[in-house]
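Note sheet for the following structure.
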Amino acid sequence: MPDLKPTVFVVDDDISVRESLEGLIRTAGWDARTFDSAEAFLAFPPAPGPSCLVLDVSLPDLNGLDLQSRIAGDRAETPIIFITGYGDVPMTVRAMKAGAAEFLTKPFGEEELLEAIEAALERSRETTGEQTVLRALRERYNSLSRREREVMDLVVTGLLNKQVGGELGISEITVKAHRGRMMEKMRASSLADLVKMSARLGRESPRGA
């Protein structure tokens, strides 16, 4: 998403912290969105481009660690930089194990935070790119007919066309026709390419291979 300005979300119940960070983030050239609570952040839609979240651990409603758990599945493309005034080792370990990009203890320097944000945004760019590729791959797979999917699932196990035909009860010529259309729809240039696609899609062979 090279044309979209990165967004840095800030969730902190201290207005002075929010205003200070908003100014710093905008000066660095990024878009800033600030919230005084986790619930306010959750009500705001995800950014269309690269993003990260600067998150205070202690919040009045839902604390930072719990918010991290809430968004782990649907906002994986938004790395979290935790900030806290009283960090301890167990808290830090929990946050980092859950995928946090950084854990900063107040007071921290502006450069330290900006470097953490830059690293988090780069991580977001990579994740967003991977998700875009996977989404396109799923769309291509969904365009396959039921028979083409069956042929694909068997072909990636290494079976020859004749063997695939035997498994499905169709002729070798019919298998070749389905295989050709399937390879074209999947945009696979080789069997090795198709096998990689199948693995990325998490497809399980019906033969357990």
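The values are calculated or read from the model by the stated rules, or taken from the named source; none is laboratory data. Nothing here was measured: the structure is a model prediction, and the numbers come from that model. Here the Cβ is made from the backbone with ideal geometry for all residues, glycine too, and neighbour counts use every protein chain on show.
Tabulated values for the structure
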read-out: GLU167 exposed (fewer than 14 other Cβ atoms within 10 Å of the Cβ) and either in contact with a Pro (Cβ under 7 Å, 6 or more places away or on another chain) or among the charged types (D, E, K, R) (or both); value: no
read-out: Contacts under 7 angstrom Cβ, first residue in segment 39-65 being within 28 Å of TYR86 (Cα to Cα) and acidic (Asp, Glu), partner modelled with pLDDT under 90 and surrounded by fewer than 22 Cβ atoms within 10 Å (Cβ to Cβ), 6 or more apart; value: GLU39/ASP61; GLU39/LEU62; ASP56/THR84
read-out: Exclusive hit being buried (at least 16 other Cβ atoms within 10 Å of the Cβ), assigned to a loop (DSSP other than H, G, I, E, B) and within 20 Å of the chain's Cα centre (by Cα), set THR128, THR78; value: THR78
read-out: Failed condition for PRO90, given (1) in contact (Cβ under 8 Å) with a residue 40 or more places away in the chain; (2) outside any loop (DSSP other than H, G, I, E, B); value: (1)
read-out: Single residue of segment 97-125 satisfying the filter (assigned to a helix (DSSP H, G or I) and modelled with pLDDT under 90) that is surrounded by the fewest Cβ atoms within 10 Å (Cβ to Cβ); value: LYS97
read-out: Tabulated pairs, segment 196-209, first at pLDDT 85 or above, second surrounded by 13 or more Cβ atoms within 10 Å (Cβ to Cβ) and among the small types (Gly, Ala, Ser), C-beta under 7 angstrom, 6+ apart or interchain; value: MET197/ALA188
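Table: residues versus (1) within 30 Å of ARG75 (Cα to Cα); (2) in a helix (DSSP H, G or I); (3) in the same structural domain as PRO50 (by TED's automatic domain parsing).
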{"site": "THR132", "(1), (2), (3)": "yes, yes, yes"}
{"site": "ARG147", "(1), (2), (3)": "no, yes, no"}
{"site": "ASP153", "(1), (2), (3)": "no, yes, no"}
{"site": "LEU159", "(1), (2), (3)": "no, no, no"}
{"site": "VAL164", "(1), (2), (3)": "no, yes, no"}
{"site": "ILE170", "(1), (2), (3)": "no, no, no"}
{"site": "THR174", "(1), (2), (3)": "no, yes, no"}
{"site": "HIS178", "(1), (2), (3)": "no, yes, no"}
{"site": "GLU184", "(1), (2), (3)": "no, yes, no"}
